[in-house]
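The values are calculated or read from the model by the stated rules, or taken from the named source; none is laboratory data. In this text, all values refer to a predicted model and were calculated from it rather than measured experimentally. Cβ: placed from backbone, ideal geometry, glycine included. Neighbour counts: every protein chain shown.
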Amino acid sequence: MPGIVLNVLLYSAASAALLAACILLVMHVRMRRKAQAGASFQEQAQRLGLNQAEQNLLACIARLAGLHAIEAIFTMEQAFVQGSGSMMKGQRVSSMPAEKQARVAGMINALCQKLGFQALGARAGSSVTSRQVIEGSVCSFTTAEGDEHVATIREVQDEVIVVELRAPADIAPETPVVVHYSNMGCVWEFDSKVCVQTRDSVHLMHCENIRFVNRRRFPRVPVRHQALLADLEFFAGDNGIAPLRFVPATLTEIAGPGLLFESILQTEVGRKAIAIVELAGGSVVQGVGRVRRVRMLGNSRVSVVVELIDLKPQELSELARQTSAAGKIKNWRAESNEPAASGSARQ
């Protein structure tokens, strides 16, 4: 009898030890997978140039989408849409004022663009419309021809926004325009059209679909790469349509799809240009862009800012990665030079 009891006790102890070993093994495997998933998430986030706040936001979206492997959010657009929609409709965000909701939506759309997904627009779940612009604020609107007009919002009516132009202009009724309005560091962008123009004001139609643009989503970092630029203007002459003429240029600054060139290109703000850039590592990015700024440098050279507007998701990701990499090199050089400068000062 004592032998049987001893055997039972030994069997129970062995079973308990085996069960504990299995539990420890499962916990170890789960922790290892979690660590690998976290490392993969960090690696992909750094490749896209996401800062810490953007990484935290993306991880929260992944959890709200119900993803167990959060690194899957980088390729699952539907999960991103679902998670961001849940965030915007959640009590924490939905109870915010409209301006703060717009700011959150702007951050989400900035992430959306960095991931190469289609812009969310109204899908982000925000209830913000053009009726929530603030009277007395400044806005601008651009026609299809690239003419930009700066105006002050005089009155927000039920059907239209009444704006007062800062410079006289003659704009025909029914002219389609794209409106930009800044609020809390985020830019609201929406389509509209001119209803009527009086002697000192323009009436713009409201829009229910606001796009949010975070213009600070990419830092500006100096680089130096060779490039080619061409003004995208086809014109008919005596010998037919003239071909594009590419001129050499130097890319001196990169901020995601925003590129700063030095060149002899003759162009104007609002016109389209084609840019071909050879980036670090031999990768080439080419696309159509909108000329945002032109400044004369002397000796027929100009400083031209081009924002690429037809990039493929992988091209935008590459520009984001190049921006992040160039920024890290810049910071490393600054940090490595600082002690030397301090040492020389002490000498």
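Go through the residues of the range 45-57 one by one and say whether even a single one is modelled with pLDDT of 85 or more and touching a helix residue (DSSP H, G or I) at 6+ places or on another chain (Cβ under 8 Å). So far as the range 45-57 goes, yes, one or more of its residues are modelled with pLDDT of 85 or more and touching a helix residue (DSSP H, G or I) at 6+ places or on another chain (Cβ under 8 Å).
The criterion of at least 2 residues that are modelled with pLDDT of 70 or more and under 20 Å from residue 272 (Cβ atoms) is met by the following strands (runs of 3 or more DSSP E) wholly inside the range 198-257: 221-231, 247-255. Restricting attention to the range 176-197, and to residues there that are out of contact with any Asp or Glu (no Cβ under 9 Å at 6 or more places or on another chain) and at pLDDT 90 or above, which single residue is surrounded by the most Cβ atoms within 10 Å (Cβ to Cβ)? Here the answer is 192. Filtered by the rule that a residue be touching a Lys or Arg at 6+ places or on another chain (Cβ under 7 Å), farther than 17 Å from residue 129 by Cα and touching a residue at least 24 places away in the same chain (Cβ under 8 Å), the range 154-184 gives 164, 175, 176. Scanning the range 258-299 for residues that are among the polar types (S, T, N, Q) and part of a strand (DSSP E or B) yields 263, 286.
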